[in-house]
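Below is one structure, written out as structure tokens; comments come after it.
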Amino acid sequence: MGKSKKAPEYATTSYNTGGLFGSSTTNESGTTFTPTDWQKNTMSVIGSNLPATLNNMLSNDYLNDPNFQAYRNNFNRQMAQSYDSNVLGQLANKGLMRSSGLQASTNSFNNTMSNNLTNLMDNYYNRQVNNLANMQNAANNIYSYITGINAGSQNNTNNVNNYNLNKLSANNAATQTNNALYGNLATTAANLALS
């Protein structure tokens, strides 16, 4: 007579994307994701830039932000060149360098420059918002790859485990049927021998 078999070991399976988006292995201890180099590098860049970007956005301290200072210095150089050519140059051509026209033109230019600086700050802030959104999108995409690949590995393991359990159930049912048949044959043989 046959014995029933014990449950099979928990299956270990992997799900691999051929080096594109990483791989995942599932076993009885859980699921482990192995990222690609580009995923590691991307997350490292995001991790190192995210705090500074958030801090700059929340503080709005443009004057102490080195990136904005460089941005502003370039803007000021362009405005000074524009002032020399568009205001002083035109006034000098008309012989008005010492007239009230100089003060009015300078005031008008200063107002324009102040408005442009405000726009510059707004543009810089919007660039930071876009940078933050891009970092979040990149991180979310990588997270989606990880969860999808892990799900693939877990599905493979579940499929193998279900197959093994179904096969075990079928084998055990066949063993029980055979045991019952052999038991009935033995009983019948014993009855025949006694008659």
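Residue-by-condition table, conditions (1) surrounded by 13 or more Cβ atoms within 10 Å (Cβ to Cβ); (2) in a helix (DSSP H, G or I); (3) at pLDDT 90 or above:
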residue: Phe33; (1), (2), (3): yes, no, yes
residue: Trp38; (1), (2), (3): yes, yes, yes
residue: Thr42; (1), (2), (3): yes, yes, yes
residue: Val45; (1), (2), (3): no, yes, yes
residue: Asn49; (1), (2), (3): yes, yes, no
residue: Thr53; (1), (2), (3): yes, yes, no
residue: Leu58; (1), (2), (3): no, yes, no
residue: Leu63; (1), (2), (3): no, yes, no
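Take the conditions (1) out of contact with any Gly (no Cβ under 8 Å at 6 or more places or on another chain); (2) surrounded by 11 or more Cβ atoms within 10 Å (Cβ to Cβ); (3) more than 21 Å from Thr12 (Cβ to Cβ); (4) at pLDDT below 85; Ala190 misses just one of them, which is (2). When the residues of region 112-152 are filtered to those that are of a type in the set (Val, Ile, Thr) and at pLDDT 90 or above, the one that is nearest to Gln78 (Cα to Cα) is Ile142. For first residues located in region 148-167 and within 13 Å of Asn27 (Cβ to Cβ), partners that are small (Gly, Ala, Ser) and modelled with pLDDT under 85 and lie 6+ apart or on another chain with Cβ distances below 7 Å form the pairs Thr157/Ala11; Val160/Ala11; Asn161/Ala11.
The values are calculated or read from the model by the stated rules, or taken from the named source; none is laboratory data. These figures come from a predicted structure and were not determined experimentally. Virtual Cβ from ideal backbone geometry, glycine too; neighbours counted across all protein chains shown.
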